[in-house]
Amino acid sequence: GDAAAAEVQLSRLRWAVLLLFSSYSLCNAFQWIQYGSINNVFMSFYDVSAFAIDWLSMSYMLIYIPLLFPVAWLLDKRGLRLIALAGSALNAVGAWVKLGSLKPHLFPVTVLGQVICGLAQVFILGMPSRIASVWFGSHEVSTACSIAVFGNQLGIAAGFLVPPVLIPNVEDVEKLAYHISIMFFMTAGVASALFILVIIVFREKPSNPPSLAQALIQSRPTAEYSYTQSVLRLLRNANFVLLMVTYGLNVGCFYALSTLLNRMVIHHYPGEEVNAGRIGLTIVLSGMVGALISGIWLDKTKTYKQTTLVVYIMSLMGMIVYTFTLSLGHLWVVFVTAGLLGFFMTGYLPLGFEFAAELTYPESEGTSSGLLNVSAQIFGIAFTIGQGQIMDHFGTKAGNLLLCSVLFLGTVMTAFIKADLRRQKASLENEQT
């Protein structure tokens, strides 16, 4: 134990790696929602249905499901650097492909660009907990994980804020194409710069392990580790399976809400595209504050189950209030309720990852967070389609009530998760020996 303890040391590069990851994650999340946040503008430009534009957002979710396991396997076999290069490269390629879709009949090209960005996302979503545990000490790992998740959230925020400002809802197709091209050029420039930075800066792992837990994992022979076995072990862990379903329900609601937000707000407040974007921004920004607070709170208290349950109950409350105030006719009320909803719903993201890492130690965090994400993507597609159809036939309130009932179910299931904190136990036993 002493030899391992002597080698444990924090690398100064860790913040650069974290920041760079957060940045290309941001760029990728921006590309996810850049169509949905001005749903109506792209519908008229490409002359396609709302459902077709919703699929631009859902394509990200769909691609993730079959590709998660091959990519997680790659992460374990080839390590962080290759995954980072692939994620940032695909993100840039997708952005450049979209530049070839600036005529109304070129919708398929935009779909192709979005599919490539969706591929990039597979190399991004499961990484926060892995980067946190490979580069950061045990007292800062939850905070690092929150910051890594942050990048993605900031990207969604930018995706709500920027497109409505850059692309006004004008009739003239030529003018519209010009405005859209500005957004696509900016994205492609940023994505390419980030790819180059990843080539230069991103390292596989620090020269010394940052924590005892990590030193133990690195000293373990790799041959005994089988990916399929790991997944099967996780799926036999009842507490983890409960968390996987409840995480999927919560985050799936968030995906559906984000994708359909522009449609909901425009329905009640016609002509308010820019404010619809700002409401999306409010949801995400308050959620980032929530995520940071919950990350710090977890590092301090280690009360995983209690925190998760409280945040879940508050998400449900927020959703109910949002549902019944959306149609009151006051935009400021929608801002307030959306902010509350975001604070808890997005604040839940790092909680889920960290709780999963606790319940499943010493399995790889990439595997557990991957399974959580798959669950979220499957529910995300189901809720987006379901809520979209309900909204078309029965109105927005009925659609939001679907999400309320889903969150209620998730809250009840969360209450049944036992807090079997294996990672805590391991570090306590290490400290005693």
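The values are calculated or read from the model by the stated rules, or taken from the named source; none is laboratory data. This structure is a prediction, so every number in the text was calculated from the model and none was measured. Here Cβ is always computed from backbone atoms with ideal geometry, including for glycine, and neighbour counts include all displayed protein chains. Areas reflect the complete protein model, heavy atoms only, side chains present, ligands, DNA and RNA absent. Shrake-Rupley method; radii C 1.70, N 1.55, O 1.52, S 1.80 Å.
Here segment 11-212 is assigned +1 on the Cβ of each Lys and Arg and -1 on the Cβ of each Asp and Glu. Its dipole about the Cα centre then comes out at about 820 debye.
From the convex hull of the Cα coordinates of segment 274-433, what is the mean projected area in square nanometres? Please report the intermediate quantities before stating the final value.
Numbers: hull surface 41.0 nm².
Mean shadow area of the hull around the Cα atoms is 10.3 nm².
What number, rounded to the nearest 500 deg cm²/dmol, is the helix-based mean residue ellipticity at 222 nm of the chain, given -39500 (n - 2.57) per DSSP H run of at least four residues and division by all its residues? Don't jump to the answer; show the numbers that get you there.
Values: 18 runs with 350 residues, N = 433.
Result for the chain, helices only: -27500 deg cm²/dmol.
For segment 400-407, 3J(HN,Hα) computed residue by residue from phi via the Karplus equation (6.51, -1.76, 1.60; θ = phi - 60°) reads 5, 5, 4, 5, 4, 5, 4, 5 Hz, glycine and proline entered as x.
Other residues whose C-beta falls under 14 angstrom from the C-beta of N40 contribute a net charge of -4, scoring Lys and Arg +1 and Asp and Glu -1. Measuring from centroid to centroid over Cα atoms, what is the spacing of segment 357-433 and segment 154-189 in Å? First find each Cα centre; the distance between them is then 33 Å. For the chain, the longest principal axis of the C-alpha atoms and the axis of helix 331-360 are separated by about 30°.
Projecting the Cα positions of V115, L20, P164 onto the charge dipole of segment 11-212 (unit charges on Cβ atoms of Lys, Arg, Asp and Glu, taken about the Cα centre) puts L20 furthest along the positive direction. Measuring from centroid to centroid over Cα atoms, what is the spacing of segment 323-349 and segment 53-120 in Å? So the two Cα centres are separated by 30 Å. Computed with a 1.4 Å probe over protein heavy atoms only, the accessible area of V284 comes to about 0 Å². Computed over protein heavy atoms with a 1.4 Å probe, the accessible surface of the chain works out to 39 Å² per residue.
Measure off, as a whole percent, the carbon and sulfur share of the 1.4 Å-probe accessible area of the chain, all protein chains present. Can you show the working numbers first?
Values: 11830 of 16970 Å².
Its accessible area is 70 percent carbon and sulfur atoms.
Sorting 270-278, 372-380 by their mean Cβ neighbour count within 10 Å, with the most densely packed peptide first, gives 372-380, 270-278.
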